[in-house]
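Quick note: the coordinates plus some simple rules give every number you see, no bench work behind them. None of these values were measured; they are calculated from a predicted model. As a convention, Cβ positions derive from the backbone with ideal geometry for all residues, glycine included, and neighbour counts pool all protein chains shown.
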Amino acid sequence: MYTKIKELERRSYFMDDCIFCKIIAGEIPSIPVYEDEAVKAFLDISQGTPGHTLLVPKKHIADIFAYDEQLAKTVFSRLPKIARAIKASNPAIKGMNIINNNGKIAYQSVFHSHIHLIPRYSENDDFKMIFKDNSEKYSTEQLQQIAQTIKNHLED
Ligand code: 5GP
Ligand code: ZN
């Protein structure tokens with residue numbers, strides 16, 4: 001009985017066939033840089049740039065849309081400490097992109113929420129991001145309408 005309850009608890013925390021749940025459970029190896037009761041940070045296998053790290057909640061959660069405020073506090077509050085440690089680890093690191101992809105369209109490929117910490121070394125390192133400037137296509141009224149629609153959907 002006790003074992004069964006524990007197994008049910010385990011399943012609501014970990015998700016079978018999730019690569020990051022397996023890493024958190026120690027079933028597949030990773031190279032950790034930080035761990036506490038709620039989160040784990042480990043080197044991204046792709047090493048987009050040297051030191052590229054992933055911060056993940058230990059509880060299986062698919063993406064930002066499923067976070068509650070408490071989980072957000074828990075996970076995002078760890079970022080500055082880990083970011084500073086990565087930066088301090090190599091004097092060649094000049095900056096850092098912190099990225100959280102949500103949904104396949106937004107380049108999420110592992111559906112256990114995670115935050116990328118990508119150290120930046122130079123304009124010519126292996127990381128690029130493109131933001132197109134579409135500001136000329138919008139009137140102030142159109143921007144206000146977009147903002148109002150978003151505000152109408154804010155939860156308490
Ligand atoms: P996403 O594309 O979902 O934003 O990021 C997923 C990241 O997980 C990718 O950068 C990928 O390199 C990394 N990744 C996938 N499988 C593994 C793994 O088994 N170990 C580690 N350390 N990283 C992984
Ligand atoms: Zn998972």
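Counting every pair of alpha carbons in the chain, the share spaced more than 18 Å apart comes to 67 percent.
Can you grab the distance from the C-alpha centre of the range 12-34 to the C-alpha centre of the range 91-148, Å, no decimals? Going from one Cα centre to the other spans 26 Å.
Beyond a 30 Å Cα-Cα separation, which of these cross-linked pairs lie in this structure: K104/K128; K58/K87; K104/K151; K94/K151? Going by Cα-Cα distance, K94/K151 fall outside the 30 Å limit. Where a ≥ b ≥ c are the square roots of the eigenvalues of the C-alpha gyration tensor, would you call the range 49-125 rounded, which needs a/c under 1.5, or, failing that, prolate if a/b is larger than b/c, or oblate? Judged from the Cα gyration tensor, the range 49-125 comes out oblate (a/c at least 1.5, b/c at or above a/b). Between S139 and D63, the contour length at 0.36 nm per residue exceeds the Cα-Cα span by 24.1 nm.
When peptides 26-39, 142-155 are sorted by average Cβ neighbour count within 10 Å, with the highest value leading, the order is 26-39, 142-155. Under the definition of Cα pairs under 8 Å and six or more residues apart, what whole-number percent is the relative contact order of the range 28-132? Across the range 28-132, relative contact order equals 29 percent. Projecting the Cα atoms of Y107, P29, N124 onto the charge dipole of the chain (Cβ charges, centred on the Cα centre) puts P29 farthest toward the positive pole. Which value results when the Cα radius of gyration for the range 28-81 is divided by 2.2 N^0.38 Å? In units of the globular-protein estimate, the range 28-81 measures up at 1.17.
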